[in-house]
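Where a number appears in this text, it was derived from the coordinates with a stated rule and is not lab data. What you see is a predicted model, and the numbers here were worked out from it, not measured in a lab. Backbone-built Cβ (ideal geometry, glycine too); neighbour counts: all protein chains shown.
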Amino acid sequence: MNEQEQLQKMREDWDQRARENARHYVDTASAAWTDEEFFRSGEMTVAEEILTDLGNICQGKAPGDMRVLEIGCGAGRVTRALAKFFGEVHAVDVSGEMVRIATEALKGQRNAFLYQNNGRDLSIIPALEFDFAFSSIVFQHIPSREIIESYVHEVHRLLRPGALFKFQVQGDSTLETTPDDTWLGAPFSERQAVDMAMRCGFDPRYRYGAGEQYFWLWFFKR
């Protein structure tokens, strides 16, 4: 399976998941999320991963003055929470169905901008400079390290110097993955994650959860 076939399958599979039960596939903790529960879970992600890490993320800037990039908005669960905290949020997703659902969820949130991208780069995003980039429970579903690295390159292009890209990859290398599996993504070892950071122009300053499903990486743009 070549990259174009992988990207097409990612888009088709996530469109189908969005039509079937978007919120469940975004966060499998529930198959019947209420509006309140779903968006509260996004607020919890921001509380746990953003509010506890403001020194690395804001670097002295006021959150309301920051422009933030999110990879994989899904149904808008985390995007909505980010938009309540930061001045401006731009978010992409490979699935047009997910973007449609997220757009409805963020109706009235004038500082949030959503785009359907091609699944490997951020060419759809306006030529802006971003202060922080974030991605949660997204790259774990991408079946190709090359596609993930393409995203990392693109985030580097859009971040201001010194800014942080905080994101997760699949860290469990004992799992058997295949190039056509858009649920169980390609795993990264610590060495592979560090090498990717260096190739993409990042300082891989911190990491947490190596060997686990939720392998967090802190990449600072050099």
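Structure notes:
- At R0 = 45 Å, FRET efficiency that the Cβ-Cβ distance of Glu129 and Glu212 yields, to 0.05: 0.85
- Using the Cβ-Cβ distance between Trp183 and Glu104 with R0 = 30 Å, the FRET efficiency computed as 1/(1 + (r/R0)^6) comes to roughly 0.75.
- Gaussian network model of the chain, springs between alpha carbon atoms under 10 Å - residue of Ala102, Ala112, Ala47 with greatest fluctuation: Ala47
- The ranking of Met66, Met10 from fewest to most other beta carbons within 10 Å of each one's beta carbon is Met66, Met10.
- Shape analysis of the range 140-222 places it in the prolate category; the axes a ≥ b ≥ c from the Cα gyration tensor give an a/c of at least 1.5, with a/b above b/c.
- Backbone geometry of the range 53-67 corresponds, through the Karplus equation with coefficients 6.51, -1.76 and 1.60 at θ = phi - 60°, to 3J(HN,Hα) couplings of 9, 5, x, 6, 7, 8, 6, x, 7, 6, x, x, 9, 9, 9 Hz, x marking Gly and Pro.
- Here r is the Cβ-Cβ distance between Ala31 and Glu176 and R0 is 30 Å; the resulting FRET efficiency, rounded to 0.05, is 0.70.
- Segments 126-132, 164-170 sorted - mean Cβ within 10 Å per residue, highest first: 164-170, 126-132
- Label zone at Met1 (point 7 Å along Cα-to-Cβ), backbone N below 15 Å, the range 135-171: 140-148
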